[in-house]
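What follows is one structure encoded as structure tokens, with my remarks underneath.
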Amino acid sequence: PTIAQVHSHCLGGAHDVALACDFCIVAENANMGVPEIQFGLGAAFFAMPYMIPLRLCKEYLLTGKSYSAQKAVEMGVANSCVPLEELDGAVKAFAKDLAMVPVPSMQLQKRGINRAVEAMGFALMVEQWLDYSSLGVLWKSEEIDEFNRQVAEKGIKAAIKWREDYYNKLMEDK
């Protein structure tokens with residue numbers, strides 16, 4: 001079994017890694033999410049639809065909004081949330097609980113769980129994520145091109161500011 005130990009920002013690819021783990025323990029200061037859609041891409045690893053209610057999944061994947069550590073627990077993305085100073089100890093204690101299970105039992109049980117999720121279509125999604133992420137680099141629009149130009153010339157913070165200003169102006173014009 002794998003355990004994600006999350007503190008501070010857990011966004012994009014790091015978020016995908018945390019979702020791919022069997023367990024996830026987060027510190028209270030964790031900020032989680034998949035912001036790629038805000039930059040003209042999208043989530044590459046679609047584990048969220050298998051983990052959380054569909055409307056919440058769409059809210060986070062279609063807006064790119066992040067969510068708190070406590071929300072991660074409420075949604076089922078994380079197993080528990082602890083103060084930052086207790087994170088190492090909590091993960092070690094959880095790992096110790098897992099280590100107390102006979103290996104053959106653990107292997108068989110995990111295989112059964114994974115097969116059940118695969119029967120729900122998860123295995124196909126894992127195979128298709130590469131196709132989807134490859135398509136993301138082909139998406140073209142004036143906004144995406146300008147955002148990428150801003151990143152190249154001025155850095156990510158300036159590009160994010162440009163994006164916020166751009167869309168705020170669009171909202172004012174309507």
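The values are calculated or read from the model by the stated rules, or taken from the named source; none is laboratory data. Because the structure is a prediction, the values reported are computed rather than measured. Here the Cβ is made from the backbone with ideal geometry for all residues, glycine too, and neighbour counts use every protein chain on show. Side chains are part of the model used for accessible areas, which takes the heavy atoms of the whole protein and leaves out ligands, DNA and RNA. Shrake-Rupley method; radii C 1.70, N 1.55, O 1.52, S 1.80 Å.
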(request) Find the centroid of the Cα atoms in the stretch 154-174 and in the stretch 69-98, then give the distance between the two in whole Å. (result) 36 Å
(request) On the protein heavy atoms, probe 1.4 angstrom, tell me the percent of accessible surface of the chain carried by carbon and sulfur. (result) 58 percent
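What pairs in LYS65/LYS157; LYS71/LYS157; LYS65/LYS169; LYS65/LYS140; LYS71/LYS110 have C-alpha atoms more than 24 Å from each other?
Working: LYS65/LYS157 16 Å; LYS71/LYS157 26 Å; LYS65/LYS169 20 Å; LYS65/LYS140 22 Å; LYS71/LYS110 26 Å.
Going by Cα-Cα distance, LYS71/LYS157; LYS71/LYS110 fall outside the 24 Å limit.
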(message) Test of understanding: in a Gaussian network model of the chain with alpha carbons linked when under 10 Å, which of GLY89, GLY76, GLY64 would top the mean-square fluctuation ranking?
(response) GLY89
(request) Provide the per-residue ³J(HN,Hα) series for the stretch 70-83, in order, calculated from phi with Karplus coefficients 6.51, -1.76, 1.60 and θ = phi - 60°, each as a whole number of Hz, with x at glycine and proline positions. (result) 5, 5, 4, 5, 4, 7, x, 6, 10, 7, 7, 10, 9, x
(message) Report for the stretch 1-115 the percent antiparallel among DSSP-assigned beta bridges with both residues inside it, nearest 5.
(response) 25 percent
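How much length is gained on full extension from ILE144 to ALA93, taking 0.36 nm per residue of separation minus their Cα-Cα distance?
Details: separation 51, 0.36 × 51 = 18.36 nm, distance 4.49 nm.
Full extension of this stretch gives 13.9 nm more.
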(request) Return the long-range amide H neighbours of CYS24 (sequence gap of 5 or more, or a different chain), with a cut-off of under 5 Å between placed amide H atoms. (result) ALA4, ASN79, SER80
(request) Mind telling me which of SER80, SER68, SER105 comes out most flexible in a GNM of the chain, alpha-carbon contacts under 10 Å? (result) SER105
(message) For a test of the definition: using alpha carbon positions, the gyration tensor, and the 1.5 limit on a/c, classify the stretch 1-99 as rounded, prolate or oblate.
(response) prolate
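Go ahead and run the numbers for FRET between LYS65 and MET100, Cβ-Cβ distance against an R0 of 41 Å, rounding to 0.05.
On the way: r = 39 Å, r/R0 = 0.94.
Here the calculated transfer efficiency is 0.60.
Leaving out ligands and nucleic acids, note down the accessible area per residue over the chain with a 1.4 angstrom probe, in whole Å². Can you show the working numbers first?
Numbers: 11020 Å² over 174 residues.
Dividing the accessible area of the chain by its residue count gives 63 Å².
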(request) Express in Å², to the nearest 10, the accessible area of VAL73 obtained by rolling a 1.4 Å probe over the protein heavy atoms while all chains stay in place. (result) 40 Å²
(message) Please list, ordered by chain and number, the residues whose modelled amide H lies under 5 Å from the amide H of TYR67; skip anything fewer than 5 residues away on the same chain.
(response) MET32, GLY33
(request) For the chain, set up a Gaussian network in which alpha carbons nearer than 10 Å are linked by springs, and say which option among LYS92, LYS140, LYS157 fluctuates the most. (result) LYS157
